[in-house]
Amino acid sequence: MPVTPTRWLAEYAWLPEHAEPTPDVLIEVEAGRIAAVTPLIPGSRPPAGVEVYADATRLPGLTLPGLANAHSHAFHRALRGRTHGGRGDFWTWRDQMYAVADRLDPDTYLALARAVYAEMALAGITCVGEFHYLHHRPDGGAYDDPNAMGAALVEAAAHAGIRLTLLDTAYLSASVDGQPLAGPQRRFGDGDAGRWAERAGGFRPTDSHARVGAAVHSVRAVPADQLRTVADWARERQAPLHVHLSEQPAENDECRAVHGRTPTALLAEHGVLGPDTTAVHATHPTSADLTLLADSRTGVCLCPTTERDLADGIGPARRMADAGIRLSLGSDSHAVIDLFEEARAVELDERLRTRRRGHFAPLDLLTAAGVAGHAALGWADAGRIAVGARADLVTVRLDSARTAGVPPVGVFFAAGAADVEQVVVDGRVVVAEGRHLTVDVPTELSAAIEAVTPA
Ligand SMILES: [Zn+2]
């Protein structure tokens, strides 16, 4: 029996490389892929080849390609709103984060991640990169299935209806000079990179919504002489490789003290940089670091709301883009899960730094939130409303209190996650009328967070 295409008639759709959205676009979906994209000319007859569109389902508002959240630690969602009572910095926040990490097991993590990924679906996120290092039991011993925690995350994404790249993270030491993991960090570690590779290599989810990549937690957490093992593992599999980079000036200082070079230079020397590599944050790079990133075609994932929340600083986004570095976006600590907010922050943070406006065009922000994020996670066939691409369609209301009167091209400066009306992932409707179809997100978030937060 032939598969009947699903036809959507978008009031506006943002098509690839277009500076602004196009009105009245017929989008046909077949077997999870976009089969045809036809802009209709208002008042005219349907273009040749388009026989019927009266049967198309109308999508009022602006339909975007799927958004990609290129950097996530799902369990950090449990800390939202709980770490703001006193002063402190990244390092005091990290101690609170460890207290939650200590309480997770495969069952509680499945429940929490399922709710967090469903919150992402509500925000129009169709794919997430999970930077995963909670591998073992709290005392560092392996679970019966040594990848039980990773498997829980894959299952959580399936329940939430989004795709996932599990970035299996090597986390082997506590400091740049190789101090051993202690206390709550013990469950992150595999001992050495060879044992990390063995465990990670044993995890091969067959689900079509998931793929596995690799991550170096940071130059703090992987000794220099073991960086290449992780990089080679990713390269052999043509898998994405991510790494936290220069989020904190202290990391730069320690790396210079121990290795006599910046973290970026150290990663370059040990083969970590490259076109399949994404550096996360890169908030405090030198000019020479930017050249190394650009020359190696390494991408950068900015996480502006986290960098803001943790008082990290402002990364040089415009300088990176000018150097040809492709930018993607992540919600990282999930103080906020809203890629509209992340995207406009890239522009607005530049304004604060330079006291000038107009650094990034709306299309640049969409590219970072969509196709660039998907590419950074290894899904090169997603993030575009184009024939052959995965049928990810995110429809944003243009009649909410926030978006009423806003021209469609202005959506990244007006909309928030709450304005997402419908989300289609791989041709399947996951969110309709602003509600997740299978997960009661607020109720499940409350229960899952209560179960893992210290009283
Ligand atoms: Zn992170």
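Only the coordinates and a few stated rules stand behind these numbers; no lab work does. Note that the coordinates shown come from a computational prediction; the quantities given were computed from them, not determined experimentally. Note: ideal-geometry Cβ built from the backbone for every residue, glycine included; neighbour counts use all protein chains shown.
Worth pointing out:
- Normalised by the number of residues in the chain, the average gap of Cα pairs under 8 Å and 6 or more apart makes the relative contact order 21 percent.
- Amide H contacts of residue 220 (H built 1.01 Å from N, under 5 Å, at least 5 apart or other chain): none
- Percent antiparallel among DSSP beta bridges (both partners in the chain, rounded to 5): 40 percent
- Helices in the chain, meaning DSSP H runs of at least 4 residues, each add -39500 (n - 2.57). Divided by all residues, the mean residue ellipticity at 222 nm is -9000 deg cm²/dmol.
- With only the Cα atoms considered, the chain has a convex hull volume of 151 Å³ per residue.
- Mean separation of Cα contacts under 8 Å (6+ apart) over length of region 279-437, as relative contact order %: 16 percent
- Separation of region 326-369 and region 87-147, taken as the distance between their Cα centroids, equals 25 angstrom.
- Mean Cβ neighbour count within 10 Å, used as a protection proxy, ranking 238-247, 16-25, 366-375, 143-152 highest first: 366-375, 238-247, 143-152, 16-25
- The alpha carbon centroids of region 55-86 and region 214-280 are separated by 27 Å.
- Ranked list, fewest to most other Cβ atoms within 10 Å of each Cβ, for 440, 312: 440, 312
- Taking Lys and Arg as +1 and Asp and Glu as -1, the other residues whose beta-carbon sits under 15 Å from that of residue 139 total 0.
- Helix axis angle, 90-101 relative to the chain longest principal axis, alpha carbon, degrees: 80 degrees
- Angle in degrees between helix 106-122 and the longest Cα principal axis of the chain, rounded to the nearest 10: 40 degrees
- The shape of region 274-426 comes out oblate: with a ≥ b ≥ c from the C-alpha gyration tensor, a/c is at least 1.5 while a/b does not beat b/c.
- The mean sequence distance of close C-alpha pairs (under 8 Å, at least 6 residues apart), as a share of the length of region 285-332, puts its relative contact order at 49 percent.
- Distance between the pseudo-spin-label points of residue 145 and residue 443 (7 Å out from Cα toward the beta carbon): 2.7 nm.
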